[in-house]
Amino acid sequence: MLTTIKDGQCLTSTRKNHDRGINMHVVTEVQHIVIMAEHKLLDGRDIEKRFSQIKPLRYPRWLVVLMVGLSCACFCKLNNGGWDGALVTFFASALAMYVRQVLTHRQLHPQINFCITAFVATTVSGLMLRLPGFSDTPTIAMAASVLLLVPGFPLINAVADMFKGHINTGLARWAIASLLTLATCIGVVMAMTLWGLRGWA
């Protein structure tokens, strides 16, 4: 729902919005246009023209999977998970990110998406830790494999909105982030219970 004031009249519009993830290139471009409009550097026609020129910058899916796997593996290594833990985390988080992309492409509800993805990440990392070669691997690998599901942007934006005085918007974003976190926890607990995995250390 969007409400704006034009020529002294208040206009409210309601639209349905599908969750397509966050594209920081688009967010940055929109923020830049809004700041210029607030400083009266653009008129209505310029704003409309600039908005129509915004094209989302998208990375190949395989590259996103690879980089998410590497980033989670690095977190594991930095937290004394060792190279074996980093390897477990890489495979678990990369596979989980691929599953998340597939579910997002099918427009599955975000909470269900997060729950299934957390289940996959915990299952893969937990079962790999049972293999003979990884029997002494720290279980931090299981925790690191679900880091791709931390709802950082909704939480940051929630706090930023509340500091700016947009309390309702901030609380709504906080609630969404909390539900995503709860869904992640449910997925992790389901996997650990189903497979009898040892807990995080």
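Per DSSP helix of 4 or more residues, -39500 (n - 2.57); summed, then divided by the residues of the chain. What does that give at 222 nm, rounded to the nearest 500?
Result for the chain: -22000 deg cm²/dmol, rounded to the nearest 500.
How much net charge surrounds ASN157 when only the other residues with a Cβ under 14 Å from the Cβ of ASN157 are counted, with Lys and Arg +1 and Asp and Glu -1? Mind dumping the intermediate values first?
Numbers: positive: LYS164, ARG173; negative: ASP161.
Net local charge, ASN157 excluded: +1.
With protein chains left intact and a 1.4 Å probe, residues in the chain average 66 Å² of accessible area per residue. Spread over its residues, the convex hull of the C-alpha atoms of segment 1-75 is 145 Å³ per residue.
In this simple spin-label approximation, ARG106 and ASP136 carry label points 7 Å from Cα along the Cα→Cβ vector, and these lie 4.1 nm apart. Percent of accessible area on the chain owned by carbon and sulfur, 1.4 Å probe? Exposed carbon and sulfur together represent 65 percent of the surface. For LYS16, the lysines whose Cα comes closer than 27 Å to its Cα, not counting residues fewer than 8 places off in the same chain, are LYS6, LYS49, LYS55, LYS164.
For Cα pairs less than 8 Å apart in space and 6+ apart in sequence, what is the mean separation divided by the residue count of segment 42-201, i.e. the relative contact order in percent? Don't jump to the answer; show the numbers that get you there.
Values: 206 pairs, mean separation 39.3, N = 160.
That works out to 25 percent.
The values are calculated or read from the model by the stated rules, or taken from the named source; none is laboratory data. Source: prediction; values computed, not measured. Using ideal geometry, Cβ is built from the backbone for each residue, glycine included, and neighbour counts are taken over all protein chains shown. These accessible areas exclude ligands, DNA and RNA; they are computed on the full protein's heavy atoms, side chains included. Shrake-Rupley method; radii C 1.70, N 1.55, O 1.52, S 1.80 Å.
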